[in-house]
Amino acid sequence: MHDKTMIFSITDNRDDSIRTILTSVYQALEEKGYNPISQIIGYILSEDPTYITTHNNARSLIRKIDRDDLLEVLLKSYLKS
């Protein structure tokens, strides 16, 4: 019998969750006619939630993400492409 240890990564689940939330926020901003990139950058730099619309609960969603975690996922995604 081989006794192998399974590796469980919370980071992968966290990254997927952040990606899902960020996609929803992006779509909500776009639906309301905002420039999603500019609005999200404004939020990241200032941590002021008013940069994000309340449409489709986007403001509440993005506030569930720690800003440092959001930046980490964005940077990792950028460097992979």
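The values are calculated or read from the model by the stated rules, or taken from the named source; none is laboratory data. The model shown is predicted, which means the values in this text are computed figures rather than measured ones. Using ideal geometry, Cβ is built from the backbone for each residue, glycine included, and neighbour counts are taken over all protein chains shown. Heavy atoms of the whole protein, side chains included, go into the accessibility calculation; ligands, DNA and RNA do not. Shrake-Rupley method; radii C 1.70, N 1.55, O 1.52, S 1.80 Å.
Just a few scattered comments:
- Set S9, S17: member being at pLDDT below 85, open to solvent by less than 90 Å² (accessible area, probe 1.4 Å), among the small types (G, A, S) and on the phi < 0 side of the Ramachandran plot: S9
- The sole residue among S77, S81 that is under 26 Å from N13 (Cβ atoms), of a type in the set (S, T, Y) and surrounded by 13 or more Cβ atoms within 10 Å (Cβ to Cβ) is S77.
- Taking residues in the range 55-81 that are modelled with pLDDT under 95, and partners anywhere that are not in a helix (DSSP H, G or I) and not aromatic (F, W, Y), the pairs with Cβ atoms closer than 8 Å and at least 6 places apart or on different chains are R67/E47.
- Here Y34 meets each of (1) surrounded by 15 or more Cβ atoms within 10 Å (Cβ to Cβ); (2) under 27 Å from D12 (Cβ atoms) with one exception, condition (2).
- Residues that are surrounded by 14 or more Cβ atoms within 10 Å (Cβ to Cβ) and more than 14 Å from L29 (Cβ to Cβ) within the range 47-66 comprise R63, I65, listed in sequence order.
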